[in-house]
Amino acid sequence: MAAPRTADRDTALEQELGQLRNRFEQLKEEKVRTEEQLASIQEQLTQLEAEAVRDYGVSDVESLQRLLDQRRAENERRVAAYREHIAGVQERLRAAEQAAGVAE
């Protein structure tokens with residue numbers, strides 16, 4: 001088998017170089033898009049942190065989680081108290097109905 005001619009090797013190298021340049025341009029465009037996305041995400045994060053501080057007084061995840069846990073526990077206590085209140089109302093209503101039935 002004969003070695004490839006110099007012109008064929010040059011053509012192959014030029015083609016490969018063209019492909020590499022195209023890939024480089026694609027990667028540059030990808031880098032620009034990624035940097036734009038990163039900037040947008042960082043801006044959103046900054047806005048969300050500011051909102052968290054405004055609404056809850058903190059912006060770090062651990063403090064927000066503690067606050068959420070506290071509020072859930074408080075909601076559970078309130079629901080339990082309301083459940084007891086409703087049960088008491090039902091019991092008083094039942095007693096009143098029984099008393100009214102006896103009085104008739």
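The values are calculated or read from the model by the stated rules, or taken from the named source; none is laboratory data. Everything numeric here is computed off the predicted structure, so don't read it as measured data. In this analysis, Cβ positions are derived from the backbone assuming ideal geometry, glycine residues included, and neighbour counts consider all displayed protein chains.
Within the stretch 2-17, can one find any residue that is in a helix (DSSP H, G or I) and either exposed (fewer than 10 other Cβ atoms within 10 Å of the Cβ) or touching a helix residue (DSSP H, G or I) at 6+ places or on another chain (Cβ under 9 Å) (or both)?
First pass over the stretch 2-17, keeping only residues in a helix (DSSP H, G or I): 6-17.
This time we only want the ones that are either exposed (fewer than 10 other Cβ atoms within 10 Å of the Cβ) or touching a helix residue (DSSP H, G or I) at 6+ places or on another chain (Cβ under 9 Å) (or both), so: 6-7.
Yes; the residues of the stretch 2-17 include at least one that is in a helix (DSSP H, G or I) and either exposed (fewer than 10 other Cβ atoms within 10 Å of the Cβ) or touching a helix residue (DSSP H, G or I) at 6+ places or on another chain (Cβ under 9 Å) (or both).
Do we find that Glu43 is loosely packed, with under 10 Cβ neighbours inside 10 Å, at pLDDT 95 or above and of a type outside the set (Lys, Arg) in this structure?
For Glu43, the condition - loosely packed, with under 10 Cβ neighbours inside 10 Å, at pLDDT 95 or above and of a type outside the set (Lys, Arg) - is not met.
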